Amino acid sequence: MSQHRHVYGPVPSRRLGRSLGVDLLPFKTCTYDCTYCQLGHTTSHTMERREYVPLEDVIRELADHLASDRPEDRPDIISFAGSGEPTLHSDLGRCIAAIKEMTDVPVAVFTNGSLLWMPEVRRDLALADIVSPSLDAALPATAERANALAPGLDLPRILQGMEDFCREYTGRIWLEIMLAAGINDSPEDYAALNSVLARLEHIEHIQLNTVTRPPADKDVRALTPEELHRAQALLCRPSEIIASFPKTAQDKPKKTATEEEVLELIRCHPSTVAGLAVGLNAEEQSVALQVEALLGRGRILPEVRDGETYYISAREDE
């Protein structure tokens, strides 16, 4: 497999099965600087939309990846996520349209929802099959604490954009609420979230999540299962608690992982050895051997979270 800079995986998605990721941004370009982010703190904190990476390069990598996949490696979904906020790329809509010409695999966009107040962003997202926006806070102080908005953004405009998008969009909306203990889980926070949720139309799923991968700020704590169930009871609309990984790959793994595949996946998706094996549809032992080799050369770094070891990219080597 050739070295891809903008396409990675498939990775095991908690919501969508085997997800082929598309990354339209340089690491780590975002409208937010979330305290819980698995990729660390934002280095390019902006709300400027532009062509951050050449669209032609992304489309070429996608075509190459889809053409080289064996039938058993076909992804369940093609998802825009990766190194930052995908709606910052001004050609997001053109990229989705190009995918639709290549394959019938559905397209999902994971967005923090911060730019939905822009009509051009809503037009781009209208082409996707699934949009999963985030709503972590409905109080300004909480939004700053949890998400740290880029200069020029303000929460009322973001929330109005969310409302406009949910009213207009005709695809499937999966709203995610990421909760962190002591940050956005107070009674006041839940009451404010309920006020917003009551106005959002056409939501297929409301999904509660918490911090399961190593966060940007090391003192951020996940909610316990009991706390998540309590949050579920406090929300005014039905919701589900997202499990760590879905049961997707039913077939026995059929390939040996390569070092390049492991490094490519870790670059955009910190994971455990078991998670890497699922994402690559590979034997876990072969993944473990490649991880050990990459660790030995300092290409990746280990980080322990809740008793599990995740592997992250050593960014200075890229």
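The values are calculated or read from the model by the stated rules, or taken from the named source; none is laboratory data. Quick caveat: nothing in here was measured; it's all calculated off a predicted structure. Using ideal geometry, Cβ is built from the backbone for each residue, glycine included, and neighbour counts are taken over all protein chains shown. Note: accessible area is taken over every heavy atom of the protein model, side chains too, but ligands, DNA and RNA are not part of it. Shrake-Rupley method; radii C 1.70, N 1.55, O 1.52, S 1.80 Å.
Does Glu204 fit the bill of being over 19 Å from His269 (Cα atoms), free of Cβ contacts under 8 Å to residues at least 40 places away in the same chain and either out of contact with any strand residue (DSSP E or B) (no Cβ under 6 Å at 6 or more places or on another chain) or part of a helix (DSSP H, G or I) (or both)? Here the answer is no, as Glu204 does not meet what is asked. Only one entry in Ala128, Ala108, Ala148 is at pLDDT 95 or above, farther than 24 Å from Ser239 by Cβ and under 19 Å from the mean Cα position of the chain (by Cα), namely Ala148. Only one of the numbered conditions (1) of a type in the set (A, V, I, L, M, F, W, C); (2) surrounded by fewer than 18 Cβ atoms within 10 Å (Cβ to Cβ); (3) touching a Ser or Thr at 6+ places or on another chain (Cβ under 9 Å) is violated by Ala233, and that is (3). Within segment 51-76, the set of residues being buried (at least 20 other Cβ atoms within 10 Å of the Cβ) and either over 21 Å from Glu264 (Cβ atoms) or under 17 Å from the mean Cα position of the chain (by Cα) (or both) comprises Pro75 only. All of Ala128, Ala108 fail the test of being in contact with an Asp or Glu (Cβ under 7 Å, 6 or more places away or on another chain), open to solvent by less than 10 Å² (accessible area, probe 1.4 Å) and aliphatic (A, V, I, L, M), apart from Ala108.
So if I check each of Leu263, Leu289, Leu301, which one is part of a helix (DSSP H, G or I), among the hydrophobic types (A, V, I, L, M, F, W, C) and within 23 Å of the chain's Cα centre (by Cα)?
That would be Leu263, the only listed residue that is part of a helix (DSSP H, G or I), among the hydrophobic types (A, V, I, L, M, F, W, C) and within 23 Å of the chain's Cα centre (by Cα).
Arg14 meets the conditions (1) under 12 Å from the mean Cα position of the chain (by Cα); (2) at pLDDT 95 or above; (3) surrounded by fewer than 19 Cβ atoms within 10 Å (Cβ to Cβ) in every case but one. The failed one is (2).
On inspection, Glu188 fails the criterion of being modelled with pLDDT under 95, in a helix (DSSP H, G or I) and either open to solvent by less than 60 Å² (accessible area, probe 1.4 Å) or not β-branched (Val, Ile, Thr) (or both). Residues in segment 31-50: is at least one farther than 27 Å from Trp117 by Cβ, crowded, with 17+ Cβ neighbours inside 10 Å and among the hydrophobic types (A, V, I, L, M, F, W, C)? For segment 31-50, residues farther than 27 Å from Trp117 by Cβ, crowded, with 17+ Cβ neighbours inside 10 Å and among the hydrophobic types (A, V, I, L, M, F, W, C): absent.
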